[in-house]
Amino acid sequence: MRSLLFIPADSEKKITKALSFEADCLLLDLEDSVVPARKAAARPMAAAFIAETRDKSLRPKLFVRINALDTSEWELDLAGVLGARPDGILLPKARSADDVGQLAVALDHAEAKAGIALGSTRILALITEVPVAMLTLPTYLEASARLDGLTWGAEDLSAQMGSSATREADGRFTPPYQLARDMCLFTAVAAGRQPIDTVYVDFRNTAGLAEEARIAARDGFTGKMAIHPEQVAYINAAFTPTTAEIGWANDIAALFRDNPNSGALSLRGQMIDRPHLIRAERILARAKLAGV
Ligand code: COA
Ligand code: MG
């Protein structure tokens, strides 16, 4: 999933257009973009959209962002949407992998009740939104088998930290939030889950978004969340291997195929060894997934 677009689940207008945006995943939000008084109305709207689109073969993955586990809302969220069979749940404000485990158990029960195959509802988790979460990241190495991806957020974390900004004047993250981003990347890769970069909230600044997505892809993230439909194309482009990258990867793969007894080889004046082959294989796998 390269692009994951948030849709406030109580907005009929935004939901109706959601399938036309070419996001790889839609994140139907029941949390921060829906005020408490609207949550009860938003649940059946999210469920109806999922149920109506389930059989469309080309539709994006549909995940629901539930409320955090320390609220009285999240169980109502699950009860409201699970029968419609979302592809997964986005868990906000996770404090450690224990929260993912608690959600996984609740999903076990909800799936059994709804007659859904056990384990089919996947989990993505936001793992840097509360300060204590920054101190429990290694727990994700042992997380539930339902966990597919990890992502991060600066806004909620900064509210709790009392930081007056998360970015420098030139748009780069300040050190605490850069640390959160980098640790999310290390944690996801080490845990074998998809590393997904955070949202870019200055949504009219498409040049800034494109640059941030390019840097995220360069560093190893394989997707990024979006808040506005216009961001989707920039994100998809940044996380789709280019023709030049695919060409390079094919050359490396061929070089190793043709020289099965050499560990170190040379290509266009550069030394090539096993890490390059691993990178090449990753690029080819991502190109295949993206259909290029
Ligand atoms: N999903 C679906 N449609 C969206 C959308 C979204 N996330 N964001 C905007 N649109 C639609 C608008 O409804 C509008 O439709 P229209 O042309 O039929 O009027 C069109 O795209 C253009 O929107 P625009 O006027 O540029 O933005 P806006 O001022 O209406 O909305 C936001 C700006 C930020 C409020 C909106 O993008 C949004 O709700 N984003 C998601 C917020 C969210 O879920 N946050 C939680 C995660 S951080
Ligand atoms: Mg939030």
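Table for the structure above
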read-out: Candidate set from segment 114-124 (those that are away from ligand 1 (no atom under 16 Å from the Cβ) and either closer than 14 Å to Leu27 by Cβ or not assigned by TED's automatic domain parsing to the domain that holds Ala94 (or both)); member that is farthest from the chain's Cα centre (by Cα); value: Arg122
read-out: Residues that are more than 30 Å from Thr206 (Cα to Cα) and exposed (fewer than 12 other Cβ atoms within 10 Å of the Cβ), drawn from segment 230-258; value: Arg257, Asp258
read-out: Close pairs (9 angstrom Cβ cut-off, 6 or more residues apart or separate chains): farther than 15 Å from Arg181 by Cβ and touching a residue at least 24 places away in the same chain (Cβ under 8 Å) in segment 204-216, within 16 Å of ligand 2 (Cβ to nearest atom) and of a type in the set (S, T, N, Q) anywhere; value: none
read-out: Any strands (runs of 3 or more DSSP E) falling wholly within segment 1-79 and containing at least 3 residues that are open to solvent by less than 20 Å² (accessible area, probe 1.4 Å) and under 25 Å from Val105 (Cα atoms); value: 25-29, 61-65
read-out: Test: residue in segment 162-182 that is farther than 23 Å from Asp70 by Cβ and under 16 Å from the mean Cα position of the chain (by Cα); value: yes
read-out: Whichever residue in segment 2-38 is touching a Pro at 6+ places or on another chain (Cβ under 7 Å) and farther than 22 Å from Ala210 by Cβ and, among such residues, is farthest from ligand 2 (Cβ to nearest atom); value: Lys14
read-out: Scope segment 80-100; condition open to solvent by 20 Å² or more (accessible area, probe 1.4 Å) and farther than 27 Å from Lys56 by Cβ; matching residues; value: Lys93, Arg95, Asp98
read-out: Residue that is closer than 16 Å to Asp182 by Cα and of a type in the set (A, V, I, L, M, F, W, C), where the choices are Leu107, Leu147, Leu118, Leu137; value: Leu137
read-out: Given (1) part of a strand (DSSP E or B); (2) touching a residue at least 40 places away in the same chain (Cβ under 8 Å); (3) more than 24 Å from Phe186 (Cα to Cα), number of the condition Ser266 does not satisfy; value: (2)
read-out: Subset tally (residues that are under 19 Å from the mean Cα position of the chain (by Cα), of a type in the set (D, E, K, R) and within 10 Å of ligand 1 (Cβ to nearest atom)) for segment 1-53; value: 3
read-out: Ala253 vs. criteria outside the structural domain of Glu22 (by TED's automatic domain parsing) and within 28 Å of Gly291 (Cβ to Cβ); value: yes
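The values are calculated or read from the model by the stated rules, or taken from the named source; none is laboratory data. These figures come from a predicted structure and were not determined experimentally. Glycine also receives a Cβ, built like all others from the backbone with ideal geometry; neighbour counts cover every protein chain displayed. Just the protein is used for accessible areas: all its heavy atoms, side chains included, with ligands, DNA and RNA removed. Shrake-Rupley method; radii C 1.70, N 1.55, O 1.52, S 1.80 Å.
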